[in-house]
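The values are calculated or read from the model by the stated rules, or taken from the named source; none is laboratory data. Please read these numbers as outputs of a predicted model, since none were measured by experiment. Cβ placement follows ideal geometry from the backbone for every residue including glycine, while neighbour counts extend to all protein chains displayed. Only protein heavy atoms, including side chains, enter the accessible area calculation; ligands, DNA and RNA are left aside. Shrake-Rupley method; radii C 1.70, N 1.55, O 1.52, S 1.80 Å.
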Amino acid sequence: INARRAKGRKRLASDLAVVWPAVDLFRKGGLILQRLKSRRQFQAVLAASTLARTPHFALHCAALNAADLPSPEKPLFAPCDVWLGAMVPKRWAKRAVTRNAIKRQIYLLGHDFEHVLAQAAHVVRLRSSFDRSLFPSASSEALKATVRSELQQLFSRATAQTPRALSG
């Protein structure tokens, strides 16, 4: 019976590959919002300047110029895309449900603001915790709305000012 289940899962995965082809759903105006994945990518962006801050979040930004970034054999970033990473440490969001909800909000708003963000690598970092007495549920609608409004402020502040390193 287990062999039949495993065989069925493999067949289902192959069927899904046909139903869901690798199509880029978020391409707008030739740009694509890429996600940061490796530790080296996050470290390179966090070493750069802070572009904007709100009470709970900070937005770090690094130019994609080869001169600004360490030059390994393989480049860290594709040069003509907008890169976004979310950093939500356990120190400020204890429960995984809360961390995942905050990351989802970051990436959703990142897609909304991708057309106005500079072609650079960005990291949104949670820098302080949300008060548990105001948000007793780990993933309440009130918490999501508060996170969303603060992230909108953060991205608005970031797009209002152009950093010197990225303007050239």
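General observations
- Accessible area expressed per residue, segment 79-149, with surrounding protein chains retained (probe 1.4 Å, Å²): 50 Å²
- T50 versus S128: modelled label distance in nm, points set 7 Å from Cα along the beta carbon direction: 1.1 nm
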